[in-house]
């Protein structure tokens, strides 16, 4: 039994796959008799332990991440919550805008399909605003609305300013309306009757230094188009 | 025999998640919103992993990373096959990308500017680094062996349960597992040799 060969290999395979598993003493004897088997068993056991440790890490992290869902962002404490360090993780407009655009494109396609298809008793499904890290929420107009008279949003914190751009949902190249940079949470354009029935409006937020720090958009459709 | 290891029948939750992702890919707005909401766990996962990986990265780096991983996951959502729950699938991106980021930062901190020494010291080892190394090797190993190894360890299934789950003979499952274990061992040994 000293020569490393198929018999040894088979014994090792049975040990690791628990198939007619050899006893621990049999394996001990094999390891004593064959240095190659000793090395193989030891290193494979190490791999197995590492896989188990990796699986435990995965379970811990997933459990921890799910336990924290719904926890208040401020955590009731002034110290940093190490598990919520990324409350501003969305802040890099040039990077996340394509994602938001992709999501909104999907929404638009869905709405367009419904509008172009057979009469549908249920209204188009449009998410209730797209949020920026929970700090800005577009509130109106969203989805099917009677008019585009006023644009409104909510935003946490103070000192920020905002600018609105309104696009034809079918042509996002040039804004049809652009607001001045304002500090309020509502904008009432002078004339909205010229807007097409389906629009996409975009809110850009600027920080206290006037630096652009986030953009968010949503689609709306006027149900009583003139 | 209807199942195969390369395309195991997903469990109930993973099957639901797969339907969600497919609806999102089909342009269903509600599914898109739901998927976006599900991905909100991503920064928490990264932060939880980061805390276990050694000295914490600065908040700005973590925020940056979370955004990169979000974009990566979103771009690759069409590759989600429902082999595991969505969060488990996302976790693997978080793990690998976190370690890539830490490695980059480590190199940046340990090398003089402009010095591209390929023999730069490796970042500190630890359970997260080890898990990332295994995950990366499992991705290289691929199905069916990697699937069986994952089901055995991450899924915590017995060989019999894996056989039932995949509708494959127990012997085949064990063969894949053993092959996977041996392959991992040899690749880890090679990497160890390269490093020393």
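Bear in mind these aren't lab numbers, they're just calculated from the coordinates by the rules spelled out. Values in this document were obtained by computation on a predicted structure and should not be read as measured data. So basically every Cβ, Gly included, is an ideal-geometry build from the backbone, and we count neighbours across all protein chains shown.
Let me confirm one metric for peptide B:141-152, namely the mean number of other chain beta-carbon atoms within 10 Å of its residues' beta-carbons.
Numbers: counts 0, 0, 0, 0, 0, 0, 0, 0, 3, 4, 0, 5.
So the per-residue partner count for this stretch is 1.
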Practice task
If a/c stays under 1.5 just call it rounded; otherwise compare a/b with b/c (prolate if a/b is bigger, oblate if not). Do that for region B:48-92, with a ≥ b ≥ c from the square roots of the Cα gyration tensor eigenvalues.
Solution key: oblate
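For the peptides A:43-54, B:65-76, A:14-25, what is the packing order when you average, over each peptide's residues, the other Cβ atoms within 10 Å and list the highest mean first? If you can, show how the numbers build up before the last one.
Values: A:43-54: 17.2, B:65-76: 19.3, A:14-25: 13.8.
Going from most to least packed, we get B:65-76, A:43-54, A:14-25.
Work out the mean other chain Cβ neighbour count within 10 Å for the residues of B:131-139 and drop it here as an integer.
3
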Handout entry: Shielding of B:63-70 by partner chains, average beta-carbon count, 10 Å
Key = 5
Practice task
Output the peptides A:201-208, A:146-153 sorted from most to least packed, where packing is the average of other Cβ atoms within 10 Å over each peptide's residues.
Solution key: A:201-208, A:146-153
